[in-house]
1. In the range 181-215, how many are part of a loop (DSSP other than H, G, I, E, B), hydrophobic (A, V, I, L, M, F, W, C) and surrounded by 15 or more Cβ atoms within 10 Å (Cβ to Cβ)?
2. Under the condition of being in a loop (DSSP other than H, G, I, E, B) and touching a Leu at 6+ places or on another chain (Cβ under 9 Å), which residue from the range 102-132 is surrounded by the fewest Cβ atoms within 10 Å (Cβ to Cβ)?
3. It is to be established whether one or more residues within the range 246-266 are of a type in the set (Gly, Ala, Ser) and at pLDDT 95 or above.
4. Somewhere in the range 165-172, is a residue surrounded by 23 or more Cβ atoms within 10 Å (Cβ to Cβ) and within 24 Å of residue 240 (Cα to Cα)?
5. Output the number of residues of the range 132-182 satisfying the condition of being away from the ligand (no atom under 16 Å from the Cβ) and among the β-branched types (Val, Ile, Thr).
6. Hey, any hits in the range 253-273 for a residue that's in contact (Cβ under 8 Å) with a residue 24 or more places away in the chain and farther than 21 Å from residue 15 by Cα?
7. In the range 21-43, which residues are more than 16 Å from the ligand (Cβ to nearest atom) and either at pLDDT below 90 or among the aliphatic types (A, V, I, L, M) (or both)?
8. May I ask you to list pairs of residues, at least six apart or on different chains, whose Cβ atoms are under 7 Å apart, with the first in the range 107-121 being at positive phi and charged (D, E, K, R) and the second being at pLDDT below 95 and surrounded by fewer than 15 Cβ atoms within 10 Å (Cβ to Cβ)?
Amino acid sequence: MTTTYAVSRGASADRPGALALAFDLDGPTGDAMLSGELWERPGYFCLGAYGPHRAVPRILDILRNSGVQATFFTPSWVVEHWPDLCRRIVDQGHEMANHGHRHEVFFEMSESEQLAVLDQAQAIFRRELGLEAAGFRAPSGDWHPRTAQLLAESGFRYSSSLRSGDQPFRHDGHSLIEIPAKSLFDDYTAFAYHRAPNFPSGLDRVAAYRPAFETWWEEIDAAADAGLTVTTIWHPKVIGTPGRALLLEELVDRVSRDPRIRVGTCADAVGLWAEGNNE
Ligand SMILES: [Zn+2]
């Protein structure tokens with residue numbers, strides 16, 4: 001019996017696999033900031049601030065030691081409040097990309113509201129970092145039916161917002177390229193935990209660290225065999241604790257030495273895909 005299933009262990013791909021290393025540097029932005037509740041909840045603020053305060057320097061050291069670059073999808077509120085850290089990210093060769101201003105919920109916003117946030121974030125990137133973002137990731141994991149068109153019209157080259165597919169693809173009718181992510185590569189699914197407000201509801205989960213990293217490796221390994229593209233949804237405040245950072249270091253070191261995998265930023269993965277498709 002023959003099979004056309006392409007992702008079988010040992011299959012040899014005619015193109016390299018790609019791992020776009022991506023961190024969502026949300027800091028304390030998000031729903032509680034949008035509602036104003038955050039300013040009455042110091043503990044909740046500190047949970048988010050742990051990312052830029054403590055975890056990002058640790059992650060930057062790991063990336064530098066492995067000689068790989070990553071993308072940091074960063075709300076511009078974080079850029080405004082941690083400008084030196086964000087400049088350090090840029091100075092070390094990483095990509096800063098648009099993730100709204102205060103982690104707005106794009107699927108609830110009008111077109112003009114979305115454009116205003118995109119423009120505000122780009123203006124802050126220009127002012128604080130001297131650059132405009134080429135990429136965008138929708139905060140909160142979804143977007144408005146018109147968001148892709150608005151991004152293309154605003155000059156963005158790529159998005160990493162949707163969950164479909166194992167390879168980048170071009171959105172219908174315009175120039176925007178999508179690098180689909182998968183929720184299993186979101187570190188919230190294994191590790192996020194907070195009380196009051198409770199996350200997850202029921203407070204019944206923090207996965208054992210090593211099996212969670214091995215799960216990610218199994219997916220990366222199979223994608224590499226098949227010449228596919230993987231990207232991550234890692235939040236420094238979640239994945240950057242001392243113990244998890246050690247395992248992150250092990251994983252990054254492993255993939256950076258793997259000849260089947262091109263490791264880099266989301267922009268690098270878009271470039272690799274475009275090159276392979278003669279675009
Ligand atoms: Zn986010």
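1. Selection size over the range 181-215: 2.
2. 105
3. yes
4. Looking through the range 165-172, none of the residues is surrounded by 23 or more Cβ atoms within 10 Å (Cβ to Cβ) and within 24 Å of residue 240 (Cα to Cα).
5. Result for the range 132-182: 1.
6. yes
7. Selection gives 41, 42, 43.
8. The qualifying pairs do not exist here.
The values are calculated or read from the model by the stated rules, or taken from the named source; none is laboratory data. What you see is a predicted model; the values in this text were computed from it and never measured. Note that we place each Cβ from the backbone using ideal geometry, even for glycine, and neighbour counts take in every protein chain shown.
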